[in-house]
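See structure below.
Every number in this text was worked out from the coordinates using simple rules, so none of it is lab data. Bear in mind that the values here come from a model prediction, so they are computed numbers and not experimental data. Cβ: placed from backbone, ideal geometry, glycine included. Neighbour counts: every protein chain shown.
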Amino acid sequence: MTLRFTLRQLEYLVAVADCGSVALAAERVNVSSPSISAAISQLEATFGLQLFIRRHATGLSLTEGGRQLVATARAVLASAGRLTDHAADIAGRIAGPLTVGCLLTFAQVLFPQLRRSFADRYPDVTFLQYEGHQAELFEALRAARFDLALTYDLDIPPDLDFLPLVPIAPYALLPEGHPLAARSFVTPADLAPHPMVLLDLPYSAAYFLSFFTDAGLQPLIAERTRDMGVMRSMVANGFGYSIANIRLGTDRAPDGRKLIFVPIEGGVRPMQIGILLPKADQRRRIVTAFIDHAQAAVTHTALPGLYGVAP
C-alpha cells in the first residue's frame, strides 16, 4: 500500500493539536506557518476528515475525529522513534529525536548550558526543548509529548519517576534597606510580619507558603506574580520580600535595582532539582544517555549559575 502522508505531516498535526495555533506550532517545529497549514490541509484531504474547528477568538480546536487521529499519530511517531533508536543501537550511536521539558523558574540558568554540552557530545540527536510550570510538565509527560523533564521534587505523582540531581536551598530576596537585609540568615518567623511578593506558580507557591504554615504562621502576602523577573523587580522596588531557590548570576533585578539574598533557616527543606519521566521497565538509549549526562553535569560546582552571586 502506498502511504499518502508523511511522518513530517503527522509531526505538524501533533504540534498544532498541542499548541492550538498554526503560528505557535510553526515556532515549535521551526518551519513556516504556510507549511503547517498545507500539511493539515493535505491530511484532511487524504483522510476525508475535518481535523480542526477554526475559531478566530480561540484558535484551533480538534474535532472528535481529529482527537482520535492525533492519538494514533502520536503512536505512529513513537513507533518511528523506536525504529530510529533500534537503528542507532545496531550502529552503536546515540541518535534520534529527544524532547525535554524544563521548569520555567530555572530554565534560563540550567537548560542552555546543559543542552549545549549534551549536543556537543551527541551531535546526531535532534533536540527539542520546552519550558513550563510544574502542572504543565506533568501533563506533557503523561501525554507522551516529552521524553523527560528537568524540575523540582514538588508533589511528584506516583505514576512518574523522579531522579534527584542536586539540592537547592531557599533564599529570601530583599530590597536594599530592608530591616532584614543585613542578617546572615532569616527564619519564617522573621519574614512573616513583612509584606511578601509571592511567586504564584502551581506547586511552587504551596512550597513557599509551607514554610509558614508548618511553623503555625501566616505570611502577609501583599503582591502575587507568575513571572520571576517581575517578582525580582517588585522586590527590588520595595513592594516586599520574596522567596526563591534559584539565585541567578547577578544581584540585580531586570530593571537594574539591587537585590539582597539571605538564606532561610529554621526547618525549611531544600528542593531537589532532578529528572522527571514516565515509569518504564526499559528506557530508550537516548533517554538513558541524557540522564547519565545530566547526572554528571548538574552539580554544585559544574553549574555555578544555579547559586549566583554571594550574599
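Does the range 221-237 contain at least one residue that is within 17 Å of residue 271 (Cα to Cα) and in contact with a Lys or Arg (Cβ under 9 Å, 6 or more places away or on another chain)?
no
Tally up the residues in the range 180-211 that are under 28 Å from residue 275 (Cα atoms) and not in a strand (DSSP E or B), please.
Number satisfying all stated conditions: 12.
With closer than 28 Å to residue 297 by Cα and part of a loop (DSSP other than H, G, I, E, B) as the only criterion, which of 177, 249, 238, 266 stands out?
249 is the lone residue from the list that is closer than 28 Å to residue 297 by Cα and part of a loop (DSSP other than H, G, I, E, B).
Identify all residues within the range 143-156 that are closer than 13 Å to residue 280 by Cβ and surrounded by fewer than 19 Cβ atoms within 10 Å (Cβ to Cβ); write none if there are none.
Within the range 143-156, just 144 meets the criteria.
Return the residue satisfying two criteria in turn: it lies in the range 253-263 and is part of a loop (DSSP other than H, G, I, E, B) and within 25 Å of the chain's Cα centre (by Cα), and of such residues it is farthest from residue 110 (Cα to Cα).
Across the range 253-263, the extreme among qualifying residues is 255.
Residue pairs, Cβ under 8 Å, 6 or more apart or interchain, first in the range 149-172 and over 20 Å from residue 131 (Cβ atoms) and touching a residue at least 12 places away in the same chain (Cβ under 8 Å), second of a type in the set (S, T, N, Q) and in a strand (DSSP E or B). List them.
Taking only residues 6 or more apart or on different chains, the pairs are 164/272; 167/272; 172/242.
Pairs only if they're at least six apart or on different chains, beta carbon under 7 angstrom, first in the range 34-47 and closer than 12 Å to residue 5 by Cβ, second loosely packed, with under 15 Cβ neighbours inside 10 Å; list them, first residue then second.
Listed pairs, sorted by first residue: 44/50; 46/4.
Of 250, 225, which residue is closer than 30 Å to residue 148 by Cα and under 18 Å from the mean Cα position of the chain (by Cα)?
225
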